[in-house]
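One structure below.
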Amino acid sequence: MLNHCGYHGPMEEKNIASAPKRLAVANALAASLPGTSVLADRESLKPYECDGLSAYRQPPMVAAIPANETEVAAALAVARRTATPVVARGSGTGLSGGALPLADGILLSMAKFDKIVSIDAVSRTARVQPGVRNLRISEAVAHLGLYYAPDPSSQIACSIGGNVAENSGGVHCLKYGLTVHNVLKVRAMTIDGDVVDLGSEALDSPGYDLLALVTGSEGLLAITLEVTVKLLAKPEAAQVVMASFPDVESAGDAVAGVIGAGIVPAGLEMMDRLATRAVEGFVNAGYDLEAAAILLAESDGTREEVAEETARMIEVMKANGCTRVACSANDAERLRFWSGRKAAFPAVGRISPDYYCIDGSIPRRSLALVLRRTEEMSVKYGLRCANVFHAGDGNLHPLILYDANVPGELARTEAFASELLELCIEVGGTITGEHGVGIEKINQMCTQFRPGELTQFHAIKAAFDPEGLLNPGKMVPTLHRCAEYGAMRVAGGKLPFPDLPRF
């Protein structure tokens with residue numbers, strides 16, 4: 001029977017919540033995987049009931065934790081034979097519900113795929129399994145003077161497989177790109193159990209760019225088994241400018257000014273006063289707490305390049321209303337400035353029981369407008385909103401603060417988030433920059449894309465997964481759902497989120 005340690009013998013129906021199919025699937029998995037690799041009792045499944053979007057929770061029917069490709073193939077064979085959907089999971093740090101399990105599905109955890117397979121210092125590449133933590137790659141190659149550029153705020157915990165699924169970025173994505181720009185090759189398994197190699201360690205590979213297609217596909221197309229990433233040489237020098245502004249609009253104008261001047265900083269981030277005050281008491285980053293907003297702008301390269309670029313950025317910022325400038329004096333202070341930005345999400349937990357993080361991208365020219373409209377929505381919905389985001393590439397991360405214990409607050413938060421995402425589309429942006437769609441933004445996909453485009457998305461899904469067993473119901477809405485959502489918008493209402501247990 002199953003207990004908190006895993007499968008230890010024939011399943012006993014009295015311990016299973018939704019008996020016959022759970023019994024059949026769990027027993028079939030247990031016949032092919034080691035006993036501790038199959039979980040089906042309530043307590044063992046609880047850690048898998050949500051990802052970073054913890055407002056929505058659903059325990060899986062059963063969880064499988066394979067340790068090698070043979071076991072992944074065996075789990076997928078059970079899924080095909082029993083017509084059971086599969087949701088792949090990395091570290092569970094995603095923020096869009098992409099790894100939210102299904103009540104009638106298998107949760108496939110890739111946590112045991114945690115090895116760095118090889119490092120090639122000459123070609124500056126590393127082959128890693130999907131369960132390897134993002135930061136661990138840079139740690140493993142630091143002695144070679146190399147590092148892996150994408151650095152999501154959750155890099156200490158998030159996995160490379162999850163980064164590929166969501167096309168994650170980070171504070172340095174402005175200059176060095178997202179995951180898709182830093183991955184050379186992905187080894188993956190289709191729902192049929194076939195292993196495919198997408199991409200190449202060369203500069204390019206023939207045929208359709210399936211590597212770019214699978215990066216950001218949120219587990220709908222294949223299961224990632226191994227990833228080959230690019231490594232970069234550590235720059236000779238780096239310095240962060242912290243610039244203070246009297247209002248968020250002028251900070252937004254300064255961002256546009258920096259980019260408009262032809263400067264591409266390694267990182268260009270914005271935080272408003274609500275965010276900086278939450279962060280400062282958490283990590284003592286040295287932020288200006290009197291400023292309505294601050295910009296963190298990093299320059300890297302040779303010492304001469306850094307000095308010149310920093311001076312140019314400060315000049316542009318002062319021309320756009322900057323009231324105070326502080327520059328990191330050494331690498332320790334530079335990392336301290338960044339530590340506050342990277343700790344922003346957990347820091348708001350000090351000032352609010354719950355928060356909801358939005359991830360939309362807009363043209364930089366619209367930053368001031370969207371920030372002003374966000375403030376108006378905050379008043380409209382009666383909810384505080386802390387703004388902290390990748391300003392350089394227009395990737396917004398508003399943190400809507402709420403209390404799930406107060407009746408109606410989560411519903412107002414959802415409405416606030418939906419209106420913000422619709423605004424991103426309105427100004428020529430998109431509903432996600434790096435968090436993905438998952439279940440969170442599936443309604444806004446109906447606004448972002450026309451029916452013909454959604455039909456093509458479904459065709460691509462069907463080419464890889466004809467039976468629709470991999471992560472169904474995520475990312476790409478049905479045309480029927482979009483018709484319902486359109487009707488609700490016309491009527492002034494809102495299609496509710498999927499019917500899931502709430503936090």
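Is it the case that some residue within the range 238-248 is at pLDDT below 95, out of contact with any Gly (no Cβ under 6 Å at 6 or more places or on another chain) and either surrounded by fewer than 22 Cβ atoms within 10 Å (Cβ to Cβ) or more than 30 Å from K461 (Cα to Cα) (or both)? Yes, the range 238-248 contains a residue that is at pLDDT below 95, out of contact with any Gly (no Cβ under 6 Å at 6 or more places or on another chain) and either surrounded by fewer than 22 Cβ atoms within 10 Å (Cβ to Cβ) or more than 30 Å from K461 (Cα to Cα) (or both). Of all the listed residues (A142, A121, A188), the sole one being of a type in the set (A, V, I, L, M), under 27 Å from V87 (Cβ atoms), out of contact with any Phe, Trp or Tyr (no Cβ under 6 Å at 6 or more places or on another chain) and outside the structural domain of F464 (by TED's automatic domain parsing) is A188. Quick one: would you say P20 is more than 28 Å from A411 (Cα to Cα) and either assigned to a loop (DSSP other than H, G, I, E, B) or touching a strand residue (DSSP E or B) at 6+ places or on another chain (Cβ under 6 Å) (or both)? No. Taken across the range 229-239, residues that are in contact with a Pro (Cβ under 8 Å, 6 or more places away or on another chain) and in the same structural domain as R124 (by TED's automatic domain parsing) do not occur at all. Report whether or not I314 is closer than 19 Å to L371 by Cβ and modelled with pLDDT of 95 or more. In short, no. Within the range 301-324, the set of residues being closer than 15 Å to A238 by Cα, of a type in the set (A, V, I, L, M) and crowded, with 19+ Cβ neighbours inside 10 Å comprises V306, M313. Filtering G428, G438 for residues that are in a loop (DSSP other than H, G, I, E, B) and either under 28 Å from L107 (Cβ atoms) or without any contact (Cβ under 8 Å) to a residue 12 or more places away in the chain (or both) leaves a single hit, G438.
Could you list all residues from the range 160-174 that are touching a helix residue (DSSP H, G or I) at 6+ places or on another chain (Cβ under 7 Å), among the small types (G, A, S) and farther than 23 Å from L296 by Cβ? Residues satisfying the conditions do not exist here.
Number of residues in the range 430-485 that are over 21 Å from A99 (Cβ atoms) and touching a Gly at 6+ places or on another chain (Cβ under 8 Å) equals 3. Within this structure, L401 passes the test of being under 19 Å from E280 (Cα atoms) and not assigned by TED's automatic domain parsing to the domain that holds G92. Any residue at all in the range 468-475 that is small (G, A, S) and over 27 Å from V196 (Cα atoms)? No, there is no match, as no residue in the range 468-475 is small (G, A, S) and over 27 Å from V196 (Cα atoms).
The values are calculated or read from the model by the stated rules, or taken from the named source; none is laboratory data. On a predicted model such as this, the values are computed, not experimentally measured, just so you know. Don't worry about glycine lacking a Cβ; one is built from the backbone with ideal geometry, like all the others, and counts go over all protein chains shown.
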